[in-house]
1. Does the stretch C:135-145 contain any residue that is more than 23 Å from the chain's Cα centre (by Cα), part of a helix (DSSP H, G or I) and aromatic (Phe, Trp, Tyr)?
2. What's the number of the condition C:Val208 fails, among (1) within 30 Å of A:Phe262 (Cβ to Cβ); (2) modelled with pLDDT of 90 or more; (3) of a type outside the set (Phe, Trp, Tyr); (4) in a loop (DSSP other than H, G, I, E, B)?
3. I'd like the full set of residues that are facing another protein chain (nearest Cβ under 7 Å), in a loop (DSSP other than H, G, I, E, B) and touching a residue at least 24 places away in the same chain (Cβ under 8 Å), limited to the stretch C:29-49.
4. Exactly one of these conditions fails for C:Trp188: (1) within 14 Å of chain B (Cβ to nearest Cβ); (2) part of a helix (DSSP H, G or I); (3) crowded, with 20+ Cβ neighbours inside 10 Å. Give me its number.
5. Tally the residues that are closer than 30 Å to B:Asn249 by Cα and surrounded by 18 or more Cβ atoms within 10 Å (Cβ to Cβ), restricting the search to the stretch B:286-312.
6. For the stretch C:222-245, enumerate the residues that are farther than 18 Å from A:Ile118 by Cα and touching a helix residue (DSSP H, G or I) at 6+ places or on another chain (Cβ under 7 Å).
7. I need the full set of residues from the stretch C:135-170 which are within 11 Å of chain A (Cβ to nearest Cβ), among the hydrophobic types (A, V, I, L, M, F, W, C) and surrounded by fewer than 18 Cβ atoms within 10 Å (Cβ to Cβ), in order please.
8. Taking helices (runs of 4 or more DSSP H) that fall entirely within the stretch A:9-99, which contain at least 2 residues that are farther than 19 Å from C:Met120 by Cβ, over 24 Å from the mean Cα position of the chain (by Cα) and at the interface with chain C (Cβ under 9 Å from one of its Cβ atoms)?
Amino acid sequence: MAAATALRANPDRNFRYWLLTPAIFLLLLVGLFPLFYSLAVSFMRIDMMDTDTSFAGLYNYGNLFKDKRLWEALGHTLLITVIALPIELLLGLAMAYLFLEKMPGRQIFVSLLVLPTIISPIVAGATWRLLFDNRFGPINQILGWFAGHPVTALWTINPRLVYPAIIFCEIWQWTPFMFLILLAALSNVDRSQTEAAAIDGAGFSRTFLRIVLPAIWPVMAIAILIRGLDLVRIFDIIWALTSGGPGTMTETISVYTYAQGFKQFETSYTAAIAFLVIVILTVVVTWAIRRMGLAK
Amino acid sequence: MSDLKITGLHKYYGSFHAVKGIDLEVPSGEFTVLVGPSGCGKSTLLRTIAGLEEASEGTIEIGNKDVTWARPRDRDIAMVFQNYALYPYMNVFENIAFGLRARKFATAEINKRVNNAADMLGIGPLLQRLPRELSGGQRQRVAIGRAIVRDARLFLFDEPLSNLDAQLRDDMRVEIKRLHQELGRTMIYVTHDQIEAMTLADRIVLLRDGIIEQLGSPLDLFERPASHFVAGFLGSPKMNFLPATLSGNTAKLSDGKKLVLGGKRDGKTGQTVILGIRPQHISLSGKSVAIGHARVAVTVELVQPTGSRVHVTFPLGGKSLVAELESRDVSKPGEKISIDIDMTRAIVIDPHSEKVI
Amino acid sequence: MSPLPFHRRKTVRLTLRYILACLLVIIFVFPVYWLFSISFKTPDEIFAFPPVWYPKSIQFSNYMVLFKDGDAKTVLNSLILATASTFIAMILGTIAAYSLVRFKTGGENLAVWIISQRMMPPVAIVFPVFLLYVFFGWVDTFFGLILLYTAFNLPYVIWMMRGYIEDIPLELEESALVDGCSRWAVLWKVVMPMARSGLFATAVFTFVFAWNEFLFALVLTRTEVATYTVQVTHYFGGQSNFWAKIAAMSVLGTIPVFFAVATMQRYLVRGISMGAVKG
């Protein structure tokens, strides 16, 4: 005799959805809402002067292609990325090798080297602004010692020096990030494999390419992905160091979008840019995440 | 009265059909062992009884109450897991008390029950320790203790001894058997180890590919297996299988030797069959041949002493046969011996249906 | 020339490694040192030519000014925003991660979508969000920024906690279910305690992200809830006469992060590599 109150379905079947609901709601707020909002507004003609909400078709998107400043900003972003990323990677790798073998005090060295990575990028930019000062900053002073005469380089103003300054700051802050991750990855490489290679007579480069690199690649790929995306979105350091100047020389895509939205108040046009950026990055990111095996 | 009744139970994982229609009724107080090779669905069946897996079809009743869709906690069950499932951040006392606390028992009652269980299992001095400070056997006792304090209607064991070393496993087996006798509770025990099944069970449910292959007392299954699979699964050393041809009441082996079958079998003359003979049913020839025994002369190939007994391998009917003999009967390889096979207990299998005939 | 004996070679190698290590530490730590040193310098020392390498005496007047002017309140704002958003993101993110791991809700696609939200360019999000916030009157409110920080940190929390929860043996949860716990009770009594070191580590990193954030704060705050990162940029001017304030404010904003990360040494790599390296 079965009890009359027998259930017909799993009483906990909706539990899993209750758990996810608040998080998904918030993610839609920062994920899907901006996407659709930008899409909608980008078909209108809203700016500081005019709140014309009529349909403007692809007017704003047409302007994207004519916007020289936008394409320059994209170029600046790419320039910084392709220079800074490999340097951070190689320097980080070299540093990881330096600290791979145990040595007394290693933990202290590593802890000190991590400092730049954990401070706010705005603070990092501000710090380098002080360091780079042409008169009272120590950089020119130190360079003067080597040059044998006073150096008065205008790091954040001189068009020839402003990129080196930005990239230097960027490398200073994020090489430790690469270093830490690669040090951990290298430490996890099976020692018996490298030792067997050494016994077989393989040199350093051969061992590295054939054994070490394949072993650390999954981790390295994720480090490159994280840093690459951060670089493409670079804003804080530029803002603190040069604010995109001189002129628009160091304007990255983020700085330019910000300027369009919050200085020029080109609402619809900014929405078009934002939509473009979201779409491009979503596609690239989703592809990269799958490709690089971040999704287990 | 039955404590557990399963009707027409199916379980699918996507397109994989793990449990294919099981009907089972477990009487109150019985120790039932679900046994079978890995992938036979025994663990899935147990987990479905526990409510950790949803039944795809069919019903489960525990204590005459339909619990097919009830939460695990509403099923009046207690379970011992393979890897002990002890909470590493709680000491032994809290681990055992966990279920009682979850059910809001009074502190005095909790203390009483935990101490009782600890005494019963001989882990009284360990109550303040953390799980990581315990040996494997001690952890297993704590896991069992956590189940017995619950005083549930149904106790489920999911391969609880498989992580222990051989010696400990023997000890714990005795312990579990003793607990069952003391508590008199209905217990369902999953294992892939046929020795555990034979020694512990009041009744064995032998599963294969999601269906019940045979169900009965250990001796039933051992002496009267229903199929080739059951015959081969139970018993150690394994049952010997010989191809043969029936001719009346005689089985003719491929090397021409004839063995007279004891008792009446259903096979037709000329039918090819498989003859199953347990190593325990072979003995060294005495002065006279006992009724129903067949006497054969063989040449010893291999001798494996196990202490009290000795496993002797010899060729017969185109196969290597194993016989379990008394230690004092030890022979040397190459020696010619005469053996008696108890043909009344031999089984005859139809090679097509794989059923015993 | 015969090669050096083995132990001599080892000593030379080790010495070289130490020299290089020290050089690296000097290069990477010097800017931080410079920031700290300026914060303790007098105006004369800050604007000295050639530069003064260390302050003659440690004096706190640069910090006193920040507290007197009320600028130090921005550090408190940062603290409130980072703490509140971390707390909420940890709770919502952990239960969401639990659903992803235990019930495979949404499958791999949902998990990838969630982490891809982490990679969203803030500048593309902040503009529509700004317009939304203007509409609702949430600009320059704690609520608005906490909401955004929570949402922005959720993918990280979910992703990290997913890894930590996967490490918890399923049996522990099942045992609790059988022993009488509801699904929620399993979450609070088994999953949370089992994942507590992961929870703590993830919370620290989430806190640091929110603490260090700049762009959202720049756009969505005015005066009431301005964070220290925004305040630092307010001192940038035509003439660089706010150096002392920049340095002192930066130090105020940096010290908590140093402490936070120092407690998390063991989980540092797992935290910053988004779980790619399990420590």
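The values are calculated or read from the model by the stated rules, or taken from the named source; none is laboratory data. Predicted model, so just to flag it, every value in this text is computed and none were measured. With ideal geometry, Cβ positions are generated from the backbone for all residues, glycine too; neighbour counts draw on all protein chains shown.
1. Yes - at least one qualifying residue is present in the stretch C:135-145.
2. (4)
3. Of everything in the stretch C:29-49, just one residue is facing another protein chain (nearest Cβ under 7 Å), in a loop (DSSP other than H, G, I, E, B) and touching a residue at least 24 places away in the same chain (Cβ under 8 Å), namely C:Phe47.
4. It is condition (3) that C:Trp188 fails.
5. Number of matching residues: 6.
6. Of everything in the stretch C:222-245, those that are farther than 18 Å from A:Ile118 by Cα and touching a helix residue (DSSP H, G or I) at 6+ places or on another chain (Cβ under 7 Å) turn out to be C:Val225, C:Ala226, C:Gln231, C:Thr233, C:Tyr235, C:Trp243, C:Ala244, C:Lys245.
7. If the condition is that a residue be within 11 Å of chain A (Cβ to nearest Cβ), among the hydrophobic types (A, V, I, L, M, F, W, C) and surrounded by fewer than 18 Cβ atoms within 10 Å (Cβ to Cβ), then C:Phe135 is the only one that fits.
8. Working: elements: A:15-30, A:32-42, A:59-66, A:68-98.
Of the helices (runs of 4 or more DSSP H) lying wholly inside the stretch A:9-99, those with at least 2 residues that are farther than 19 Å from C:Met120 by Cβ, over 24 Å from the mean Cα position of the chain (by Cα) and at the interface with chain C (Cβ under 9 Å from one of its Cβ atoms) span A:15-30.
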